[in-house]
Amino acid sequence: MSASLIVFDLVGTFVFALSGATAGAKHRLDLFGILVLAFAAGNAGGLIRDVLLGATPPPGISDWRYIGVSLLAALVTFRWAPVVDRLRAPVLLLDAAGLSLFAVSGALKAHAAGLNPAAVMLLGVLTGVGGGMLRDVLVSEVPAVLRGELYASAALAGTAVVVAAQLLEIPTPAGAIAGAVLCFALRYLAIRRGWRLPFPREHSPRANGS
Amino acid sequence: MSASLIVFDLVGTFVFALSGATAGAKHRLDLFGILVLAFAAGNAGGLIRDVLLGATPPPGISDWRYIGVSLLAALVTFRWAPVVDRLRAPVLLLDAAGLSLFAVSGALKAHAAGLNPAAVMLLGVLTGVGGGMLRDVLVSEVPAVLRGELYASAALAGTAVVVAAQLLEIPTPAGAIAGAVLCFALRYLAIRRGWRLPFPREHSPRANGS
Amino acid sequence: MSASLIVFDLVGTFVFALSGATAGAKHRLDLFGILVLAFAAGNAGGLIRDVLLGATPPPGISDWRYIGVSLLAALVTFRWAPVVDRLRAPVLLLDAAGLSLFAVSGALKAHAAGLNPAAVMLLGVLTGVGGGMLRDVLVSEVPAVLRGELYASAALAGTAVVVAAQLLEIPTPAGAIAGAVLCFALRYLAIRRGWRLPFPREHSPRANGS
């Protein structure tokens, strides 16, 4: 990876780790719990992708900087949880940037491993949303990404651009930038306008208990 | 894998994906959430098995058809959830067929990787029930297979037949068919007659609150 | 691994599997559910470590004795759950011993794979606490290790000794023993004196709902 990409990747990991640490603080976890949630939210998506690709040991483990920024996010949240909470708006924007970058870089890694377009999109989205899903499972909640705003779909659109660029033989950097910009724009608009994905028809209109 | 085996495998993936999508619809997840649950339920068992065997990237990722049938199951459930719900009885039978096939094919893969009989049975059962377990964990429920009817035990019996056939040097196809038939028969009888596994003695007879 | 190390490892697996089986019995799971929780609690930490290191198939699968002691723990708990429950104090001590051994052996494996000190500590702690975390996720609880007493931190201290010994070129066995003893001592004192890790400041002093 080029130096600038690594910087982006570390910033994305830091922001995702902040979201994990904040969830841990909300659930009254102790310092270690906050650290685990920070690491999980920041790195699980990439780790699962790398394990599925057979690229072991994954950089999330073997490059100490990923562990370092996760630890930093945990300590910052532990010490200044109320401040982190108040910065929610800028953190949401950074989170959208992290999502865009993770989805596109995940898709590029899967493409480089020779996978088909459907798998490239799948692993791109998984890289983007996997960390947040594990974070929520660890605090015993249904992952927000499964029932929330337009989030994973923004990642999916971004990876689709990457795939289309490859098929049309557009140079990789151009496709990657276009995909990341589209993902970020969709996510930004979703935040501003409250866009949501459609829900299924009522499962059973009368007896909706269970 | 032979062509007919792949057809069976894709049908099993589709049926398991239906169960995931239905669980997602019941929990009021959005379209993406339903898709994730469909993919997880249909493919997680095989993916975990392949990762443990070091067979990466696993076919569940690298063969687009597995992603395709999962997507199809999600869309069908999204559009016709009430219909899928009404077809519960035939879906249960297809599910029993999927379980039989996944357990046997998982055991055969583990055997081909040179694992011992205990591991062959373990990975066979994991292939059969892993998807359903991840589906339930993602909607924050204790996996049904851990507390339900006779389900995993049917898979275990089927894999035991596969192992016994290997030890007795019975031809692989014969052992595989016998194992799948036994698994399906046990599961069918369990559905019809409400067979359940035994539960442990009362943990603490008076204070059973928890 | 030397013969004595394997004996320790199997004892650790057995004790962790007991904790899984006991959790399963408490949640009224059936025999299969108890077996799954026993296997998960006893082996998941090592399995995740091995998958991340690319050491597949992992010994937890390929060596039948790990499956065997997990099965034994499940059957013992199934038959004598009240007795296992009454033996809580000695089991806690054995659990502390298991934690020490798993953390140190996990760290040594990660070091042997050429990982950096931060990753060595991470994988050591993960080996020690991963099984318990999966056990709790499977019964839909927030992992005890994330909100409990000083537990993972004892493992972290032990792995730090292993790393320090490597950096100072102290012979591996000496470092390993020192790390395990420190981990055990910290955990023992934490049990006796109720030591806990610090919690974050109140997240939002007034509106502490959610």
The answer for the net charge of residues other than residue C:113 whose Cβ lies under 11 angstrom from its Cβ, with Lys and Arg +1 and Asp and Glu -1, is +1
Rounded to a whole %, the carbon-and-sulfur portion of the accessible area of the protein assembly as shown at a 1.4 Å probe is 69
Note on chain B: helices (DSSP H) long enough, at least 30 Å by alpha carbon along their axis, and hydrophobic enough, mean Kyte-Doolittle at least -1.0, are B:3-26, B:31-53, B:88-112, B:117-138, B:172-193
Once Lys and Arg are counted +1 and Asp and Glu -1 for all other residues with Cβ under 14 Å from that of residue A:104, the total becomes +2
Distances in nm between the label point of residue B:114 (7 Å along Cα→Cβ) and its equivalents in the other copies, shortest first, are 2.2, 2.2
With -39,500 (n - 2.57) per DSSP H segment of 4 or more residues and division by the full residue count of chain B, the 222 nm estimate, nearest 500 deg cm²/dmol, is -26000 deg cm²/dmol
Taking a probe of 1.4 Å and leaving out DNA, RNA and ligands, the protein assembly as shown shows per residue an accessible area in Å² of 42
Mean per-residue count of partner chain Cβ within 10 Å for B:42-55 equals 3
Distance in nm between residue B:92 and residue B:75 label points, each 7 Å along Cα→Cβ, equals 3.0
In square angstrom to the nearest 100, the accessible surface buried at the B/C interface, both sides summed with a 1.4 Å probe, amounts to 2700
So the FRET efficiency between residue C:177 and residue B:140, C-beta based with R0 = 45 Å and rounded to 0.05, is 0.60
Label model pair residue C:193, residue A:196: point-to-point distance (7 angstrom along the Cα→beta-carbon line) in nm is 5.2
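The values are calculated or read from the model by the stated rules, or taken from the named source; none is laboratory data. All figures in this text were calculated on a predicted structure; none of them were measured in a lab. FYI the Cβ positions are ideal-geometry reconstructions off the backbone, even for glycines, and counts take in every protein chain you see. Keep in mind that these areas ignore ligands, DNA and RNA; they rest on the heavy atoms of the full protein, side chains included. Shrake-Rupley method; radii C 1.70, N 1.55, O 1.52, S 1.80 Å.
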